[in-house]
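Undergrad: Below is the structure I would like to discuss, written out as structure tokens.
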Amino acid sequence: MAAKKQRRKVIIAGRYMRSIQYALTTDPDVRRTRAPKTQISSVAQEAMNLKHSWQKLKAVIAANFAMNDLVVTLTYRDDALPKLRKDAENRLKLFVRKLRAERRTMDLEMPYIYVTESGHSSGRLHHHIIITATGHDYDMIRRLWAKNGDDVEFSPIWTKGYDGWAQYLSKEPRENGRRYVGERMWRSSKGLVKPQVFTGWVYASDSLVAPPGAFVIDQQSRVNGYGEFTFIECMLPTNTTADSLALISDLR
């Protein structure tokens with residue numbers, strides 16, 4: 001008799017990992033209905049898929065930035081405040097070009113993700129930009145932004161974490177809706193690392209467990225008459241590679 005297998009999916013973005021393992025019932029009477037898919041698969045996929053825009057943003061941030069990298073908030077003085085969003089976007093693009101050029105003189109890379117917002121209650125345009133920390137950022141950024149404003153805030157990613165910043169930076173279109181169909185919620189530099197996705201089958205006896213030394217953010221399991229699934233969300237130990245994870249090497 002062949003050993004029973006279950007489906008496993010693993011997403012790795014830097015040190016951030018989401019993984020799930022699930023199986024549908026083998027009862028033929030139940031499988032003839034749509035119940036297994038709607039009762040187990042959809043629940044599993046809701047837990048696992050990067051379905052919502054903020055979850056996608058979270059994975060991109062985690063894949064490209066460390067916890068000590070920076071989220072910089074750039075605001076405008078009254079006399080420099082753009083009237084139109086497109087004008088604010090153009091000013092930010094110019095700022096990014098200047099910052100990239102200065103970093104190049106120090107042989108430093110310039111990956112970034114940014115969003116432009118119109119303010120929660122004030123309606124004032126401002127920007128949030130995620131960049132790698134170099135140790136030369138504060139004075140350089142304040143100097144390059146001085147023409148637009150003198151209020152610049154610096155926050156390490158660890159102050160809110162990947163989850164907190166992803167939700168914070170995507171709150172405006174989520175709460176107020178996108179201004180037009182297909183509007184991008186954030187913009188980024190070219191060449192950012194994409195989250196790695198691994199899928200395959202494992203023997204049912206290969207339980208889904210967090211890797212040794214991982215910090216578990218969320219873990220849940222569900223079993224009912226339609227099937228079962230286990231889900232784990234965690235931060236991996238430093239320098240963990242996909243090749244070293246049993247969760248991936250077990251895939252068939």
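Undergrad: Within the range 10-79, which helices (runs of 4 or more DSSP H) (wholly inside it) include 2 or more residues that are closer than 30 Å to GLY161 by Cβ and at pLDDT below 55? Reasoning before the result, please.
TA: Working: elements: 28-31, 42-48, 53-64.
Passing ranges, in order: 42-48.
Undergrad: I would also like to ask the following. Among the residues of the range 109-123, which ones are in contact with a Phe, Trp or Tyr (Cβ under 9 Å, 6 or more places away or on another chain) and either open to solvent by 20 Å² or more (accessible area, probe 1.4 Å) or farther than 20 Å from PRO156 by Cα (or both)?
TA: Residue satisfying the conditions is PRO111 alone.
Undergrad: Restricting to the range 196-220, name every residue that is in contact with a Phe, Trp or Tyr (Cβ under 9 Å, 6 or more places away or on another chain) and either closer than 18 Å to ALA62 by Cα or loosely packed, with under 13 Cβ neighbours inside 10 Å (or both). Show your work before the answer.
TA: Of the range 196-220, the ones in contact with a Phe, Trp or Tyr (Cβ under 9 Å, 6 or more places away or on another chain) are 208, 217-220.
Once the filter is applied, which keeps residues that are in contact with a Phe, Trp or Tyr (Cβ under 9 Å, 6 or more places away or on another chain) and either closer than 18 Å to ALA62 by Cα or loosely packed, with under 13 Cβ neighbours inside 10 Å (or both), the range 196-220 yields ILE217, ASP218, GLN220.
Conditions (1) surrounded by 12 or more Cβ atoms within 10 Å (Cβ to Cβ); (2) touching a Ser or Thr at 6+ places or on another chain (Cβ under 9 Å); (3) modelled with pLDDT under 95, marked per residue:
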| position | (1), (2), (3) |
| --- | --- |
| LEU125 | yes, yes, yes |
| GLY135 | no, no, yes |
| ILE157 | yes, no, no |
| LYS190 | no, no, yes |
| LYS194 | no, no, yes |
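Undergrad: Can we say MET106 is outside any strand (DSSP E or B), farther than 23 Å from SER53 by Cβ and open to solvent by less than 20 Å² (accessible area, probe 1.4 Å)? Spell out how you get there, then give the answer.
TA: On the way: outside any strand (DSSP E or B): yes; farther than 23 Å from SER53 by Cβ: yes; open to solvent by less than 20 Å² (accessible area, probe 1.4 Å): no.
Against the criterion (outside any strand (DSSP E or B), farther than 23 Å from SER53 by Cβ and open to solvent by less than 20 Å² (accessible area, probe 1.4 Å)), MET106 does not qualify.
Undergrad: Also, quick follow-up: Considering the range 80-90 alone, what residues qualify as being surrounded by 15 or more Cβ atoms within 10 Å (Cβ to Cβ) and not in a loop (DSSP other than H, G, I, E, B)? Spell out how you get there, then give the answer.
TA: Of the range 80-90, the ones surrounded by 15 or more Cβ atoms within 10 Å (Cβ to Cβ) are 81-82, 88-89.
Once the filter is applied, which keeps residues that are surrounded by 15 or more Cβ atoms within 10 Å (Cβ to Cβ) and not in a loop (DSSP other than H, G, I, E, B), the range 80-90 yields ALA88, GLU89.
Undergrad: Now for a separate question. Within the range 66-79, which residues are in contact (Cβ under 8 Å) with a residue 12 or more places away in the chain, under 15 Å from LYS147 (Cα atoms) and surrounded by fewer than 13 Cβ atoms within 10 Å (Cβ to Cβ)?
TA: If the condition is that a residue be in contact (Cβ under 8 Å) with a residue 12 or more places away in the chain, under 15 Å from LYS147 (Cα atoms) and surrounded by fewer than 13 Cβ atoms within 10 Å (Cβ to Cβ), then ARG77 is the only one that fits.
The values are calculated or read from the model by the stated rules, or taken from the named source; none is laboratory data. What you are looking at is a predicted structure, and each value in this text was computed from that prediction instead of being measured. Glycine also receives a Cβ, built like all others from the backbone with ideal geometry; neighbour counts cover every protein chain displayed. Ligands, DNA and RNA are stripped out before the accessible areas are found, and what is left, the full protein with its side chains, is counted by its heavy atoms. Shrake-Rupley method; radii C 1.70, N 1.55, O 1.52, S 1.80 Å.
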